[in-house]
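Chemist: Before anything else, here's the structure in question.
What follows draws every value from the coordinates through simple rules; no lab data is involved. Since the structure is predicted, the reported quantities are computational estimates derived from the model, not experimental observations. Cβ placement follows ideal geometry from the backbone for every residue including glycine, while neighbour counts extend to all protein chains displayed.
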Amino acid sequence: MIMKYFKKVLCVMLAALMLASFAACSGNSGDGAKKTLVMATNAYFPPYEYYEGQDIVGIDVEIMAAIAEKMGCDFEVADMEFDSIINAVDSGKADVGLAGMTVTEDRLKNVDFSDSYATSKQVIIVPEDSKIASPDDLNNVKIGVQLGTTGDIYISGDIEDGVYTGSSVEQYNSGMEAVLSLTQGKIDAVVIDEQPAKVFVEKNEGLKILDAEYVEEEYAIAVKKGNTELLDQINEVLAEMKENGELQQIIDKYITAD
Ligand code: GLN
């Protein structure tokens, strides 16, 4: 009888402990050490994530820091090819994918996404003297993209669907490499997210961004499918950061309005 009662109490206590440790940080090892959340990213995507010396900094890193702080966790950034991020999250190697990542139907098959934290668009970078003046002019040209990004997916899809004829896609491991290739005249245009496009055009002479954007999209944080506890916490922190202006402050720190 006493044993039974004891067991029940123990159960309730354990449940309470699990809840507490989750609130503190899911999966806390119990030895007082904080759990470390791993953020998978591709750190060649300024101003969302990029190297400053040895450190990876940027909007996404600051958002991660705020989430980790709120959850009482440490965090570390794992830099990898953009194309590997979904897999890292899906396999549990990383807890979150935070990489200026656009929500797409296809990605939703493999990961869950948080609420959106930024709106972005795919833009087209061309040399200043280019004949390409709008997305309508992307026929019979070589278009550079970053492998596995929405720029790649949309352009490749449009070529396949016959929206553009006579054009080919060159896939690079980073947007920066695609832009370098553009400055060398090896390709005619680069399709990439607006903010990194601005940074790359500023750093390389003779390039411009076309006014007419290609596609609009939403960035969100990826977590393992079904990990609703983590997702709920992330959404809570994001809502709070939107409400108290912290998110806008972080964005303003890295992006100056034009
Ligand atoms: N937003 C684009 C995508 O999700 C590119 C992201 C990136 O290169 N980091 O595919």
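Chemist: Compute the acute angle (0 to 90°) between the alpha-carbon long axis of helix 2-25 and the principal axis of greatest extent of the alpha-carbon atoms of the chain; round to the nearest 10°.
Modeler: That helix lies at roughly 30 degrees to the long axis.
Chemist: A follow-up question, please. Please rank T150, T228, fewest neighbouring Cβ atoms within 10 Å first, as an exposure proxy.
Modeler: T228, T150
Chemist: What angle do you read, to the nearest 10 degrees and between 0 and 90, between the alpha-carbon axis of helix 194-203 and the longest principal axis of the chain?
Modeler: Tilt of helix 194-203: around 60 degrees.
Chemist: Within straight cross-link reach of K186, meaning Cα distance under 21 Å, which lysines are found once same-chain residues fewer than 8 apart are removed?
Modeler: K131, K142, K198, K203, K208
Chemist: Bin width 5 Å, origin at 0, all Cα-Cα pairs of region 147-239: what percent of pairs per bin?
Modeler: P(r) for region 147-239, in whole percents per bin: 2, 11, 19, 18, 16, 11, 9, 8, 5, 1.
Chemist: Starting at 0 and stepping by 10 Å, how many percent of the alpha carbon pairs of region 96-211 end up in each bin?
Modeler: 13, 46, 31, 10, 0
Chemist: Tell me, what ³J(HN,Hα) does each residue in region 122-134 have, in order and in whole Hz, if you take phi through Karplus 6.51 cos²θ - 1.76 cosθ + 1.60 with θ = phi - 60° and put x for Gly and Pro?
Modeler: 3J(HN,Hα) across region 122-134, in whole Hz: 8, 10, 10, 9, 9, x, 3, 9, 5, 7, 6, 10, 7.
Chemist: Taking each pair of different alpha-carbon atoms in region 95-147 once, compute 1/r for the pair, average those values, and report the inverse of that mean as the Kirkwood hydrodynamic radius in Å to one decimal.
Modeler: 14.3
Chemist: What translational diffusion coefficient, to the nearest whole µm²/s, does the chain have by Stokes-Einstein, given a Kirkwood radius computed over alpha-carbon pairs, a temperature of 4 °C and 1.567 mPa s viscosity?
Modeler: After rounding, the answer is 65 µm²/s.
Chemist: With just the Cα atoms defining each centre, how far is region 172-187 from region 89-167? Give it in Å.
Modeler: Result: 15 Å between the Cα centres.
Chemist: In terms of modelled amide H atoms, which long-range or inter-chain residues lie less than 5 Å from the amide H of A78?
Modeler: Long-range HN contacts for A78: M39, A40, T41.
Chemist: Check which residues have an amide H placed less than 5 Å from V141's amide H, if you skip close sequence neighbours.
Modeler: S167, S168
Chemist: Per residue of region 57-72, what does 6.51 cos²θ - 1.76 cosθ + 1.60 with θ = phi - 60° give for ³J(HN,Hα)? Whole Hz please, x for Gly and Pro, Karplus curve as stated.
Modeler: Each residue's phi maps through the Karplus curve to give 10, x, 4, 5, 5, 5, 5, 4, 4, 5, 5, 4, 4, 4, 8, x Hz.
Chemist: List the longest stretch of the chain that has no exposed loop site; here a site is one of the GluC sites (Glu not before Pro) assigned by DSSP to anything other than H, G, I, E or B, with at most 10 other Cβ within 10 Å.
Modeler: 1-127
Chemist: How far is helix 150-160 tilted, in degrees, relative to the longest principal axis of the Cα atoms in the chain, given as a value from 0 to 90 rounded to the nearest 10?
Modeler: Compared with the principal axis, the helix lies near 50 degrees.
Chemist: For the chain, the longest stretch holding no trypsin sites (Lys or Arg not before Pro) located in a DSSP loop with at most 16 other Cβ atoms within 10 Å is which?
Modeler: 35-92
Chemist: Nearest 20 debye, what's the magnitude of the dipole of region 53-150 about its Cα centre given +1 on Lys and Arg Cβ and -1 on Asp and Glu Cβ?
Modeler: Computed charge dipole of region 53-150: roughly 280 debye.
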